[in-house]
Structures are given as structure tokens and as C-alpha cells.
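Structure record follows, encoded as C-alpha cells.
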């Protein structure tokens, strides 16, 4: 069903009086929200609570949305207008998503031009300092300006393109570390399980990319991001089995406190768990060690490799060593580099002399 600036009750939608072409239509079935929109946009709106919004009023709309209660904000939907000024009510999305989409016009160009590159942070043996692997960390640029990973991910969500971004990033991580991988290195590659709706399709493309550049899947360690926020354990297990079936390894990232962490470890049987930085910091700084120790012992009993994330001080490193943590990662070991690192990092390390760029 198509709609234009004329709503179904026949009353015309007004522009917001700015003189600029409208960008979006917003609608709410809450009387209090409609009244607030009238005050912000200077419009009466139609009898269905719909308004047109142009660019000069976007910031005011954002301020209004931030002031609403959670229940009120849920009533506020929006549609982006097409080049003819039309909109389809069936395409309505939460207004915050549409505002984020309009605020990130660069996203489609980044995807089209693939201006995404990777830095690599080493993961080293806790005792010897020998580099075990490198984690691929996404970076992006647009018009020579850096774009942080979180900003890029938020933009992908706003454009309903998280699946496409995640698939592209897995491919690029392999291609940009191909020399290191083919030389026997290991790369940890992050992915969101929510983007893998069908392992055969989504991960099949990733393993296909590895095959095209001659990378042994055994060198790939797939890091499940936000696993504890993904409720479908049965589907997640299918993803894990697919990865293992193709010869790669499975890593659970950001393992924290609570029964959920234990449940996911039990159900998914990962090759590696990475202990969340906050759990390590709390153990070292406050003496609340029970959670950290419990996770390490639980993994050791099941012969699961353990990695402590965010190691930044010698105190934290010594604590990890005392408990038998296998590997460590963090600024104390090395900041991310443009190329994967190999060799050994010593306690008094100078990254330029004691470890080499692959």
C-alpha cells in the first residue's frame, strides 16, 4: 500500500515550515506524544497523528525522543520518504532507527567501496609470552575520517544491514591476513550469531572466501560475540557445529558472571572462552575472585582453552598466571597493529624489538 503526504482520512499532512524538503514521516497513536510533536514541529498533523519532518527539525525530534518514556517512545514510528515524497506505512520502523539511518548517509558508500580494514591484536601465552594468535579488529574510514567499530555496527543496524556487514567483514578479515594465515598463523574473527540465519548460506560464503585464497580453515578461530544475548541455543549450537564441521575453532567472547555463562559453555562446548575484562578487573581490584576462579576451573575441567581479555597491568598478568590462565590479551601485551604479530613478547617488552610483524 502506497501513501503520500495525504493520510487515509483525507486531511493533508503539512510540511514543518522549515522550507526544506521533508525527509521522513512520523506517527504516534499516543495523544501525549502527538501533542509533543505538535509543539516541536509547529504542525497540527493529521487526524491519525502523522507529521512530516525535514532536516532542520531532526535534532529537535531526537531531543523529544530522548525525553519520552520507554512506553511513549514505542508508539513513535517513522518512514523515510522516497524521491517523490511518498512513503509506505508498512515500512514504518522505530523512529530512533530511522533517525540513525538519516544520520549515517555514509554507510552505504562504506559498504559499496569496502573501506573497511583490520588491525590485529596479539594473544600471547601467559607464561612464555609466545604469540598464539591475533584477533582481527575492524576499522573503517569515510572521506578520510575514521569510523569506530561500534559506530559502524550501529549504522548497519539502522540500515537493516548487519547481516551484510558481518558477512563482508569476515571475508575481509581473511583476505587482509592471508599471508599470516598461510604462514601458519591463527586469526580470531568476530561474528554476531544473530546474522547467521542459515549457516550453510552465511558461513558457507566465509569458508568459500577462505578456500579461494588458499587458507586452511583450521587457522580460523570464530569468536561468537554477544553469545549470551542470543536466546536460541539450539540454533547457536547448529552454527557451532557447522564451524567445527569445516575444521575451524569456536571461541565464546566476553564470558561473564552468572548461570548463563555456565549454561552456554555446557551447551556449546567451545574450544576457547575469553573472560570478560570486567570480571578480571573486579577480581584484581576488589578481591572478588570467586567468579573469575570459578570460570577458569570450570574450563580447565573440560579442557577448554582460557584467555583473559583486557590485561593492562602486571598485577593482572600475575593474577592470571597464578590461576593457570592459558593466554592473555590486552594493552600490556600489545596494542593493535596494522599487521599480525609473531614471535615472543617479553615482560619488559619493546614491541618493535621483541615481536615481529608478520
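If you go through the stretch 106-121, how many residues are in contact (Cβ under 8 Å) with a residue 24 or more places away in the chain and surrounded by fewer than 20 Cβ atoms within 10 Å (Cβ to Cβ)? Total satisfying the criteria: 8.
Among the conditions (1) surrounded by fewer than 14 Cβ atoms within 10 Å (Cβ to Cβ); (2) part of a helix (DSSP H, G or I), the only one that residue 231 does not satisfy is (2).
Filter the stretch 275-288 down to the residues that are touching a residue at least 12 places away in the same chain (Cβ under 8 Å) and farther than 13 Å from residue 308 by Cα and list them by number. Correct list: empty. Residue 156 falls short on exactly one of the conditions (1) surrounded by fewer than 21 Cβ atoms within 10 Å (Cβ to Cβ); (2) more than 23 Å from residue 309 (Cβ to Cβ); (3) at pLDDT 95 or above, and that condition is (1). The single condition from (1) more than 28 Å from residue 235 (Cβ to Cβ); (2) surrounded by fewer than 16 Cβ atoms within 10 Å (Cβ to Cβ); (3) out of contact with any strand residue (DSSP E or B) (no Cβ under 7 Å at 6 or more places or on another chain) that residue 142 fails is (2). All of 165, 172 fail the test of being within 15 Å of the chain's Cα centre (by Cα), buried (at least 16 other Cβ atoms within 10 Å of the Cβ) and assigned by TED's automatic domain parsing to the domain that holds residue 203, apart from 165.
Sort out which residues of the stretch 248-300 are part of a strand (DSSP E or B) and either touching a helix residue (DSSP H, G or I) at 6+ places or on another chain (Cβ under 7 Å) or modelled with pLDDT under 95 (or both), and write them in order of number. Result: 250, 252, 253, 254, 255, 273, 275.
The values are calculated or read from the model by the stated rules, or taken from the named source; none is laboratory data. No experiment lies behind these values; they were computed from the predicted model shown. Positions of Cβ are backbone-derived with ideal geometry, glycine not excepted, and every protein chain shown enters the neighbour counts.
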